[in-house]
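Just so it is clear, none of the values below were taken in a lab; they were calculated from the coordinates. Being a predicted model, the structure only gives us computed values, none of them experimental. All Cβ positions, glycine included, derive from the backbone under ideal geometry; neighbour counts span all protein chains shown.
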Amino acid sequence: MEKTKTPSTVKVSTPITFPESYPFSLVASLPEPPQSLFYAQKENTFFYPSLGETAVVLLVLVLSSPTKHILNFLESSLDIEGRERFVSLLLQFFRVATSILDNDAFPKSWVNINVLAHKVLIRIMDPIAVVLEKEFIPAVGSESEFDSNLWRECLQMLLKLLSSEHLVIEEFTSQV
């Protein structure tokens, strides 16, 4: 595919509501990777519209699925894929959720989408917590099976989620 530099393929400060390509805007080059998983908010206001579109698709999929179906998906994924691949899936989810909370997908000033993201991430943590409690807390005497990396990533994402400024309703300005 030939690289193009159309408005849908360059890094912009405003989103492209109706991209020139379907279903997502083309990317002329891959986004620059962050310096680490946990980094400070960037000073510039640029973002990749395709990251925002992908994040919204993920959020809508979770929002439109009943909690029972999400739990069934997680349990069947654990059964079919095995423990190691399921742990990898959860770790990737926690990193994606942290990235969304770090405002990599859309600007911090977009209050509605940020509040929606927080609502959806809180909602999906319930079935994840059920699976983690049932399958990833070892029995007494087998503490060597405890996966501290999985729990660390989970708790870091959960603490980031619950300590977010978007959840402090008292500090919101009144809307006109």
Exercise. Using the 10 angstrom Cβ neighbour count as an exposure proxy, how do 148, 77 rank, fewest first?
Worked result: 148, 77
Exercise. Which values, in whole Å and largest first, are the semi-axes of the equivalent ellipsoid of the stretch 43-103 obtained as the square root of 5 times each eigenvalue of the Cα gyration tensor?
Worked result: 27, 15, 8
Exercise. By average Cβ neighbour count within 10 Å, what is the ranking of 139-145, 79-85 from highest down?
Worked result: 79-85, 139-145
Exercise. HN-Hα J couplings of the stretch 54-65 from phi, Karplus 6.51/-1.76/1.60, θ = phi - 60°, integer Hz, Gly and Pro as x?
Worked result: 5, 5, 5, 4, 4, 5, 5, 4, 5, 5, 8, 9
For this session: Quote the FRET efficiency, to the nearest 0.05, computed for residue 129 versus residue 57 with a Förster distance R0 of 35 Å and r equal to the Cβ-Cβ distance.
Result: 0.90
For this session: Using the number of other C-beta atoms within 10 angstrom as an exposure proxy, rank 157, 125 with the fewest first.
Result: 125, 157
Exercise. From a point 7 Å beyond the Cα of residue 152 in the direction of its Cβ, which residues of the stretch 79-95 have a backbone N at a distance under 20 Å?
Worked result: 84-95
For this session: Could you tell me whether the stretch 96-176 comes out rounded, prolate or oblate from its Cα gyration tensor? Rule is a ≥ b ≥ c as square roots of the eigenvalues, rounded for a/c under 1.5, then prolate if a/b exceeds b/c, otherwise oblate.
Result: prolate
